[in-house]
Amino acid sequence: MSGTRLLPFGTWPSPITAERVSRASVSLGGVLVDGDATTWVESRPLEQGRYVIVRADPWASGPVDVTPPGFSARTRVHEYGGGAYTVRDGVVYFSNDDDQRLYRQEPGAEPAPITPEPSVRRGLRYADMDLSPDGGRLACVRERHAGEGLPVNELVVVPADGSNEPSVVATGRDFYAFPRWSPDGSSLAWIGWDMPNMPWDGTELEVAPVADGVVGEARAVAGGPRESIFQPAWGPDGRLHFASDRTGWWNLYREEPDGSQLHLTPMAAEFAVPMWVFGMSTYAFLADGRIACVYRRAGEHHLAVLDPGSFEMLDLDVPYACFEPYLRASGTRLAFLAGGPKISNQVVTLDFATRAVEVLHEGEHLAFDPAYLSEPRAIEFPTPSGTAYAYHYPPMNPDAEPLEGSLPPLLVHIHGGPTSEVTPRLDLQKQYFTSRGFAFVDVNYGGSTGYGRAFRDLLYGRWGVVDVQDAVAAASHLVEHTLADPGRLLIDGGSAGGWTTLCALTFTDTFAAGTSLFGVSDLEPFVAGTHKFELRYVDLLVGPWPEAADLWRERSPVRHAERISSPLLILQGDEDEVVPPSQAEVIVQALEERGVPYAYLLFEGEQHGFRKAESIARALEAELTFYGRVLGFDPADDLPPLEIRNLPKA
């Protein structure tokens with residue numbers, strides 16, 4: 001090919017620099033509609049990870065920031081947050097990250113607090129707000145931290161003008177979510193659940209009458225210990241809708257006047273997602289009575305419109321392959337967040353009256369030739385548990401050709417959660433590696449969402465086994481098809497993906513090296529130091545404590561550090577409340593004692609997931625440097641030094 005150079009894999013020069021990737025790491029979420037306007041939240045690495053509410057009005061020249069400097073619209077309920085704001089008629093109500101109080105912000109005015117200042121910093125946290133039809137009250141989740149013991153989660157109603165303190169309307173459950181007013185304000189719906197269940201395991205939907213501002217006794221509608229309810233929402237006619245996985249798939253249902261429940265979408269498809277954060281929405285009501293929805297079937301995402309009378313489902317022809325669970329409607333207009341293999345996430349509106357599609361904002365403008373982008377290919381491969389799924393990205397760079405007869409190093413990426421999913425949406429962190437000559441595979445291992453409850457439950461009791469087997473199987477599949485060098489297999493992942501990385505390096509000899517980002521290394525101290533939301537999750541993933549104590553120790557990588565021989569890079573935030581730094585430090589100590597090559601970077605001011613541009617860039621550069629040193633190639637980039645302990649000199 002004219003203009004290309006013959007270069008070893010891993011040494012290809014690329015315009016997709018770590019600095020560019022960090023600038024492109026603006027995450028979008030929290031899409032809402034306010035009449036004809038659309039709002040969303042941006043997490044901005046260049047502003048130290050500040051969360052900013054942005055508004056696009058149809059008559060304005062472009063989107064404008066709503067959240068002023070000095071404020072960050074982020075809630076820390078469950079630590080993962082989400083659902084940090086709501087808006088009506090231009091008035092925004094949001095949780096401020098610094099103090100976790102709720103603020104009311106009139107158009108053009110400074111935010112004013114409407115909840116009391118807690119005695120403990122960030123001691124009263126609010127999320128998942130819903131404004132009553134009369135605009136006078138906010139129903140929301142509150143999490144109370146008193147310094148000692150577990151925080152208390154409850155549902156409260158907050159006067160929208162801050163004239164009185166919040167009043168508790170539901171308490172006694174371990175967790176609550178989705179408080180939603182009926183259109184006439186006469187009822188309030190919500191879901192609740194208790195440990196050890198997570199919200200995708202079993203929740204209960206309840207509805208309580210509201211009269212003269214007083215919330216009455218609730219009645220049970222749906223759900224249970226083995227039925228997950230997601231997103232209760234009231235239709236314009238006042239009938240309650242919700243998603244339930246009672247059939248093994250999250251489908252949509254509607255409560256009828258006689259109390260029966262009508263199954264609206266009898267399909268082997270997922271109309272909901274695991275509720276790791278608040279404020280998600282997978283369906284919304286149009287003015288003509290139809291229901292817009294995003295769903296997943298056989299790993300593929302769809303945007304569709306359902307006629308609840310005829311049950312006809314019409315998939316919409318839009319140029320997107322991935323839809324995030326932030327779908328809203330106002331009249332004939334939809335607002336959603338979507339992307340694709342060559343499209344980063346975009347805030348999009350679709351007007352059914354005019355058929356007009358408008359992109360209000362996109363996360364990343366490609367300022368380089370798209371020929372550098374590797375297009376993913378969906379693959380299925382056999383595993384000891386059945387079949388798993390992944391997206392394979394081959395090396396791609398128009399300026400380089402590999403040396404004859406060589407095969408690329410393969411980076412196997414393990415997502416977190418572990419019930420999350422990977423999609424083919426454009427992610428420059430992946431392209432950072434593929435444009436330098438790496439193959440990359442993004443794995444939807446057993447336990448991932450999008451393939452039904454049975455697939456999601458595969459991990460229960462077998463965390464550290466099924467996920468590891470599927471990671472190894474993905475690598476083996478690509479090696480068998482001569483798409484990867486069997487001697488240069490790498491693995492990385494964050495959080496639960498970091499756990500799988502550590503397990504893979506401990507209990508298999510498949511991988512030449514790996515990178516754990518804020519990964520779990522020892523289950524007993526992890527559970528003792530983690531947050532309430534996931535406190536009992538390991539009981540499901542591995543086995544109940546203390547009955548399964550031996551199994552906890554058997555699965556924990558640090559308890560078997562003598563089996564680790566492959567070099568390991570460990571990246572950790574020093575303010576992580578989910579996976580504390582002690583989880584990284586204990587594995588570092590074990591590697592040092594055994595003389596295993598490793599590098600450890602602790603990022604100041606970072607929590608669970610890196611939000612600052614400098615942290616994101618430094619982590620990527622460290623990973624590339626680490627792999628180059630371990631595998632014996634010199635990247636083309638001018639990279640900062642990285643101390644790798646115990647690595648023999650070349």
Select from the stretch 624-650 the residues that are of a type in the set (Asp, Glu), under 30 Å from GLN607 (Cβ atoms) and either touching a residue at least 60 places away in the same chain (Cβ under 8 Å) or open to solvent by less than 40 Å² (accessible area, probe 1.4 Å) (or both) and list them in ascending order.
-> ASP637
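For every residue, the table says whether it meets (1) touching a residue at least 24 places away in the same chain (Cβ under 8 Å); (2) open to solvent by less than 10 Å² (accessible area, probe 1.4 Å); (3) of a type outside the set (Val, Ile, Thr).
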{"site": "GLU534", "(1), (2), (3)": "yes, no, yes"}
{"site": "ILE570", "(1), (2), (3)": "yes, yes, no"}
{"site": "PRO597", "(1), (2), (3)": "yes, no, yes"}
{"site": "GLU606", "(1), (2), (3)": "yes, yes, yes"}
{"site": "ALA617", "(1), (2), (3)": "yes, no, yes"}
{"site": "ALA622", "(1), (2), (3)": "yes, yes, yes"}
Is it the case that some residue within the stretch 156-176 is basic (Lys, Arg) and open to solvent by less than 50 Å² (accessible area, probe 1.4 Å)?
-> no
Quick one: which helices (runs of 4 or more DSSP H) lie wholly within the stretch 417-508 and hold at least 1 residues that are more than 21 Å from the chain's Cα centre (by Cα) and under 23 Å from PRO580 (Cα atoms)?
-> 496-507
Taking SER25 as the residue in question, decide whether it is touching a helix residue (DSSP H, G or I) at 6+ places or on another chain (Cβ under 7 Å), farther than 22 Å from GLY573 by Cα and in a loop (DSSP other than H, G, I, E, B).
-> no
Could you list, in sequence order, all residues of the stretch 341-364 that are open to solvent by 40 Å² or more (accessible area, probe 1.4 Å), in contact (Cβ under 8 Å) with a residue 40 or more places away in the chain and in a strand (DSSP E or B)?
-> ILE343, HIS361
Identify all residues within the stretch 544-559 that are open to solvent by 10 Å² or more (accessible area, probe 1.4 Å), touching a residue at least 40 places away in the same chain (Cβ under 8 Å) and either in contact with a Lys or Arg (Cβ under 9 Å, 6 or more places away or on another chain) or part of a strand (DSSP E or B) (or both); write none if there are none.
-> PRO544
Entirely in the stretch 184-276, the strands (runs of 3 or more DSSP E) that have 3 or more residues that are crowded, with 19+ Cβ neighbours inside 10 Å and not basic (Lys, Arg) | 187-193, 204-211, 219-223, 229-234, 240-244, 251-255
(1) open to solvent by 10 Å² or more (accessible area, probe 1.4 Å); (2) under 30 Å from LEU490 (Cβ atoms); (3) among the polar types (S, T, N, Q): which one isn't true of SER22, the others all being true?
-> (1)
Selection count, the stretch 30-41, where residues are part of a strand (DSSP E or B) and open to solvent by 10 Å² or more (accessible area, probe 1.4 Å) | 5
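The values are calculated or read from the model by the stated rules, or taken from the named source; none is laboratory data. Predicted, not measured: the structure shown is a model, and the values here were computed from it. Note that we place each Cβ from the backbone using ideal geometry, even for glycine, and neighbour counts take in every protein chain shown. Protein only, heavy atoms only, side chains kept; ligands, DNA and RNA dropped before computing areas. Shrake-Rupley method; radii C 1.70, N 1.55, O 1.52, S 1.80 Å.
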